[in-house]
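Here the structure is laid out as structure tokens; the discussion comes afterwards.
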Amino acid sequence: MSGLVFRQLFDSTSSTYTYIIGCAVTRLAAIIDPVYEKVSRDVTTVSELDLKLKFAMNTHCHADHVTGTAALRSATGCQTIISRASAAKADLFLDDNDKLKIGELELEARSTPGHTDGCMTFVLHSHQMCFTGDALMIRACGRTDFQQGDARRLYSSVHSRVFSLPEEFSVYPAHDYQGRTQSSVREEKLYNPRLTKSEDEFVQIMENLGLKYPAKLDVSLPWNMRCGPTEAEDRDILADIAANKPPLTL
């Protein structure tokens, strides 16, 4: 990928993908959806790639893992980013259609609510890539039964803001539970078993998923609303996360 330094990393506990996007010219980089327990790995990877981390950003306020954004800020001096609509804490906030410069690279922030109010898809037009968070996943999408979920809104978001991209664009989601690493706009328009249906059919599917309550929601959301723990992989915080114990203060 000319001009781009790119890595896709994985957390097996939460099945979360973390992405490093770096400018090959300026060596400035951003990391998308970092996981707190993997901060040391991420700092090492950025260093070994000879990159300087400028931004640590989330596609939305996650419910299934604790974000590593604040810890990465403490470790590297980067700035943290999330959508303004999320109401979570960060250094910088993005609104729909905002552009973010990472050296000579530019990410477009597209608002794609429905899984949560604050979901965003980050589009790297120069390399035909989009990072869709939980709005669009590979042959699936994020649930809509909690955390401001709205199935009709999600359907509209994906069709108008993601499926409107050129079909050759690669889709990189925040999660996959079957070992798949990427898809494309074309594939999801053709084969996504939920989003190829009519809107009413989609709503019915989402209302009948019967999913379990997210195991880490009670600890993840309070931490993530405050940008995550600031200490890099602190043993006490790791123990609290493992025990599903939320932070003492908000």
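The values are calculated or read from the model by the stated rules, or taken from the named source; none is laboratory data. As the structure is a prediction and not an experimental result, all values here were calculated from the model. We place every Cβ from the backbone using ideal geometry, glycine too, and count neighbours over all the protein chains shown. Note: accessible area is taken over every heavy atom of the protein model, side chains too, but ligands, DNA and RNA are not part of it. Shrake-Rupley method; radii C 1.70, N 1.55, O 1.52, S 1.80 Å.
Listed values for the range 22-38 are Karplus-derived 3J(HN,Hα) couplings in whole Hz (6.51 cos²θ - 1.76 cosθ + 1.60, θ = phi - 60°), namely x, 7, 5, 8, 8, 6, 7, 9, 10, 10, 10, 6, x, 10, 3, 5, 10, and x replaces Gly and Pro.
For the options Tyr213, Tyr155, Tyr19, a Gaussian network treatment of the chain with springs between C-alpha atoms closer than 10 Å singles out Tyr213 as fluctuating the most. Each of Leu53, Val25, Thr69 was scored by the projection of its Cα onto the charge dipole of the range 1-145, and the greatest displacement toward the positive side belongs to Val25; charges sit on the C-beta of Lys, Arg, Asp and Glu.
Against the 2.2 N^0.38 Å scaling, with N counting residues, where does the range 129-242 land? I'd like the Cα-based Rg ratio to two decimal places. Don't jump to the answer; show the numbers that get you there.
Numbers: Rg = 16.2 Å, N = 114, 2.2 N^0.38 = 13.3 Å.
In units of the 2.2 N^0.38 Å rule of thumb, it is 1.22.
Using θ = phi - 60° in the Karplus curve 6.51 cos²θ - 1.76 cosθ + 1.60, the 3J(HN,Hα) couplings for the range 133-138 round to x, 9, 5, 10, 10, 6 Hz; x is entered for Gly and Pro. Across the range 237-242, coupling constants 3J(HN,Hα) worked out from phi with the 6.51/-1.76/1.60 Karplus curve, θ = phi - 60°, read 5, 4, 5, 5, 5, 4 Hz, and Gly and Pro carry x.
Based on the alpha carbons, how large is the Rg to Rh ratio for the range 59-114 when Rh follows Kirkwood? Mind dumping the intermediate values first?
Numbers: Rg = 12.0 Å, Rh = 12.4 Å.
So for the range 59-114, dividing Rg by the Kirkwood Rh gives 0.97.
For the range 1-95, the share of DSSP beta bridges that are antiparallel, to the nearest 5, is 55%. Here the range 83-148 exposes an accessible surface that is 45 percent carbon and sulfur, computed with a 1.4 Å probe and the other protein chains kept in place. Remark: the range 62-191 is approximated by an ellipsoid whose semi-axes, taken from the C-alpha gyration tensor as √(5λ), come to 23, 18, 15 Å, largest first.
Roughly how many percent of the accessible protein surface of the range 1-72 is carbon and sulfur, given a 1.4 Å probe and a whole-percent answer? That fraction is 50 percent.
In the chain, one over the average inverse separation of all distinct C-alpha pairs is 18.0 Å, which is the Kirkwood hydrodynamic radius. Each other residue within a Cβ distance under 11 Å of Arg41 adds +1 if Lys or Arg and -1 if Asp or Glu, for a net charge of -3. Of all DSSP beta bridges confined to the range 31-145, the antiparallel ones make up roughly 60%.
Averaged per residue, the chain has 43 square angstrom of accessible surface, using a 1.4 angstrom probe with ligands and nucleic acids left out.
Semi-axes of the equivalent ellipsoid of the range 1-41: what are they in whole Å, largest first, if each equals the square root of 5 times a C-alpha gyration tensor eigenvalue? Let's see the in-between values first.
Numbers: eigenvalues 100, 20, 8 Å².
Computed over the range 1-41, the values are 22, 10, 6 Å.
Past 26 Å, Cα to Cα, is the threshold; run Lys52/Lys89; Lys99/Lys197; Lys38/Lys245; Lys52/Lys216; Lys54/Lys212; Lys89/Lys189 against it and keep the listed order. Pairs exceeding the cut-off: Lys99/Lys197; Lys52/Lys216; Lys54/Lys212; Lys89/Lys189.
How charged is the neighbourhood of Ala63? Take every other residue with its Cβ under 15 Å from the Cβ of Ala63, and add Lys/Arg as +1 and Asp/Glu as -1.
Numbers: positive: Arg143, Lys212, Lys216, Arg226; negative: Asp11, Asp33, Asp64, Asp117, Asp134, Asp145, Asp218.
Result for the neighbourhood of Ala63: -3.
For the residues Val43, Val66, Val35, a GNM of the chain with alpha-carbon springs under 10 Å puts the largest fluctuation on Val43. DSSP assigns beta bridges within the chain; of those with both partners inside it, close to 65 percent run antiparallel. Ile21 exposes around 0 Å² of accessible area when a 1.4 Å probe is run over every protein chain in place.
Using only the heavy atoms of the protein chains and a 1.4 Å probe, how would Arg139, Arg153 rank by accessible area, largest first? Before the final figure, lay out each step's value.
On the way: Arg139 65, Arg153 105 Å².
These residues rank, largest area first, as Arg153, Arg139.
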